[in-house]
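A single structure is presented below for examination.
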Amino acid sequence: MVIKQFTEATGDTTMTEKTLTKTRTKAGDKATSQTGLDAITRSSIIAMGGISAVIGLWALASLVSAMVSAGGPLGLLKGWFGAVTGLW
């Protein structure tokens, strides 16, 4: 716009004319992109929750297995304390 006015005023044809374009977006377009972001966020939270649940179940299964092989909870605590301190 400014270049066009300069060209018309001075008669200089060596400069190129540039046009400015404005893009308008509707409020509905932004809501659609926000909805898409919400769907991605929700699926990410569900995935993280599922992975956390699997890790928790694995830890519980490992603890139960250790209790069974040690002869119960007291045997497990005695074995853990002995392994950490080196006394038993």
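Any idea which of K78, K22, K30 is at pLDDT below 90 and either surrounded by 10 or more Cβ atoms within 10 Å (Cβ to Cβ) or in a helix (DSSP H, G or I) (or both)?
Values: K78 fails: at pLDDT below 90; K22 fails: either surrounded by 10 or more Cβ atoms within 10 Å (Cβ to Cβ) or in a helix (DSSP H, G or I) (or both).
After applying the criteria, what remains is K30.
Return the pair list, or none, for Cβ contacts closer than 7 Å from residues in the stretch 72-88 that are free of Cβ contacts under 8 Å to residues at least 12 places away in the same chain to residues that are loosely packed, with under 11 Cβ neighbours inside 10 Å, at least 6 apart or on different chains.
The qualifying pairs are K78/W88; G82/W88.
The values are calculated or read from the model by the stated rules, or taken from the named source; none is laboratory data. This is a predicted model, so every value here is computed, not measured. Positions of Cβ are backbone-derived with ideal geometry, glycine not excepted, and every protein chain shown enters the neighbour counts.
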